[in-house]
Each structure stands twice: as C-alpha cells, then as structure tokens.
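Read-outs: derived from the displayed coordinates by stated rules, not from any lab. None of these values were measured; they are calculated from a predicted model. We place every Cβ from the backbone using ideal geometry, glycine too, and count neighbours over all the protein chains shown.
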Amino acid sequence: MIPAGYVSAAPLVRVLNFAEQNGVPTDPLRKRMQLELSMPVLLDSTVPLITAMNALQELEALGKWPNFAILLGRIVASELSPLHIQLAKSVRTVADWLGVLPPTESLIGDLGNLHMRTRANRCELIWALSLPQHPAADSATDAMLIATSRNLDQITIEPSPPSQAFLTRQPKPGDDALKKELRCDIVYGAQAAALVYPIDFFNRAVQQVTGLLPAVGAFQSSAPTEAEIRVSPFIARLSNTILSHLHHNGAPIETVASALFMSVRTLQRRLKEQGLSYQQVRTELRQSRSKKLLLNSELSVEQVAEKLGYEHANAFGAAFRSWWGVSPSRYRKQHRIHMGL
C-alpha cells in the first residue's frame, strides 16, 4: 500500500512525458522531484502529496493545453483501470465495487477519498480532496471526477453517464469541454464535488472479466489482492457509511444501520458472523482517518476531532494517544518533518 502522505508517481510521470512530447521543458521540474524520464511507471514509485500538487500547479500554469484537468483525468483513468478491473472480478454489482474501493485507502495514494451517499432516488459519489485549499485543487478534483466516470463506464455491463456533476468552484473557461467529457450538466458552488447517478445504476452488474486486457499484466503483482483488502463488500460498504456519518455525533450504530436499510440487531448479527463488532470497525476507521486528516489537511486538531465525531478535542486527544502513543499535534509535527513539509 502507498504510505500516508504520498501518491503514486505513475500518473505524474505520464503527464510529464506527455508535456515533453509536446515541446514543454520539464527538466527543472523533474530534477526537483527526482523523477527521471525513464523512470518505470509502477505503483511502488511514490512522491509526497504536496510535491505532486505543486507539480500539477506548475504544469497547468504552462498553458499548453486547452483543459489540463481533462488530460489529467484521462491519464489517471488509464492508470487505475487495470486495478479497477481486478477489483471488479470479486464483486457483482456497482455498489459492491464502490464498497471495495475505500479500504484500499486510495489506489493512487492520499490524493483524496471517494464516498458514496444515498439520497431519495439518487446516489452521490462524493470526492473529497486531501489538500482542498491548494491552488491545483480544482484541476485535481475535475480530473478525479473524469477518471471515476470513465472507470465506471469500463466495469459496467450497461454504461451510463452521470445525471449531474457537482463542483464547489465557480465556472471558468474550458468548462464546455469538461461538461462534454462528463456527459452531464454541472452544478457550481456546491458544498462538495460529486457525481450523481440514478439509484438503480448501483444495482447494475459489473463485467466479470476473465481475460484481462494486455496492459493489465504489468499491474498484476502490484494490484491489491482480496487478502490485502481483508474485507467483504458488506464490511467495505459499512465502512464507507460510517465514514460519511462520523461527523454526526460519531456515527452511532442506530444511524448507520438505518442508512444501510437494516435493523441494529441485523447489523450486529452480520458483524458477529465475521468476528467483528461495530465498535471495533468504527475505532479502526477513526484511527486511519485521524492520521490522514492530520497529515494531509490544514485542519486544526479541534476540527479533526469534530470530523471524527468527538464532542471535545480533549476526548480525541486522549483516544489518539492511546492508539499511537503521542498527541495529535506531536504526531503531525513529527511526520511532516519526516515528509519534508
């Protein structure tokens, strides 16, 4: 798995190579990032998240392409598609496939997180960027929505475009091309970036690929296996639901059970069948999410505590020290120094 605070170098190397082929000098940027033109495009090659975002900002500023986000989205989609096809082999529906993604943290690293939320007759795929205030955040968000839409098309037997896309930013030049790429209307100024699909889309079958694309062969050894993921589609879907409700009073079991359309007793029984308890799953999610928020955002410790569902920062601090042996602020300082941030 990719370490916290890092992202895969593969999409970035592909973008740099594309820029080089189109007459854009990238040597100074490569030297600063210690990336060689001949560097193997493998998932075990990583760069710090902040370095990658700074590089995206510089590349976009060169202005050599009409829409940088579309280029980046297509490249990310091509990098992720072999892994997504691998994951699709073990599930049956789109909802199951989406449920398996969060436990992999992020297939390209700590760029952000994808959450699924059901509302009435629609389902929203919400993309939350790890560094939302970075100057390249808008392009990175646009790119990930493009990549998600393209990969969903790849794995479904009956592909369907999203019915709407939500962006937190305001319109800008080039958005007509983005709208054409996403194949749907865009709503600006939203609270979160998201793709919206009809609720029945998530019950559609995924392709059971047996003969993988030739390009997938190089990814076989680095793709996460079922043993590495260590979760069933049910546990993955439960984890996703807990994460989306943590900031509401810590995601009590009654709230999560209701969101999953089952009783508390049924949820407890299904967890027991897998040797788990609700408290155990929620605690593990809080542990992993606390580190990610501390390392990859500028949120204060109090704000992190709130996002994890703690009423008081002191309670979060005590829990964090019991997990990792240091205070949240100390952990952030130590690891950011280690990461060179």
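Could you check the spin-label model distance between V264 and E302? Points 7 Å from the Cα along Cα→Cβ, value in nm.
3.2
Which value, in debye to the nearest 20, describes the size of the charge dipole of segment 231-338 about its Cα centre when Lys and Arg Cβ atoms bear +1, Asp and Glu Cβ atoms bear -1, and nothing else is charged? Walk me through the numbers on the way to the answer.
Values: 16 positive and 7 negative charges, 69 e Å.
In total the dipole reaches around 340 debye.
Using 0.36 nm per residue, how much length does the chain from Q279 to I253 gain when fully extended, once their Cα-Cα distance is taken away? It would help to have the intermediate numbers written out before the result.
Numbers: separation 26, 0.36 × 26 = 9.36 nm, distance 0.87 nm.
Contour length minus the Cα-Cα distance gives 8.5 nm.
Label T93 and V24 with points 7 Å out from Cα along Cα→Cβ: what is the distance between them in nm?
With each label point 7 Å from Cα toward Cβ, the separation is 4.1 nm.
If N is the number of residues in segment 294-334, what value comes out of its Cα radius of gyration divided by 2.2 N^0.38 Å? Intermediate values should be presented prior to the final figure.
Values: Rg = 9.3 Å, N = 41, 2.2 N^0.38 = 9.0 Å.
That works out to 1.04 for segment 294-334.
Taking Rh as the Kirkwood radius, which is the inverse of the mean 1/r over Cα pairs, what is the Rg/Rh value for segment 231-338? Write out the running numbers ahead of the final one.
Details: Rg = 14.8 Å, Rh = 14.6 Å.
Taking Rg over the Kirkwood Rh, I get 1.01.
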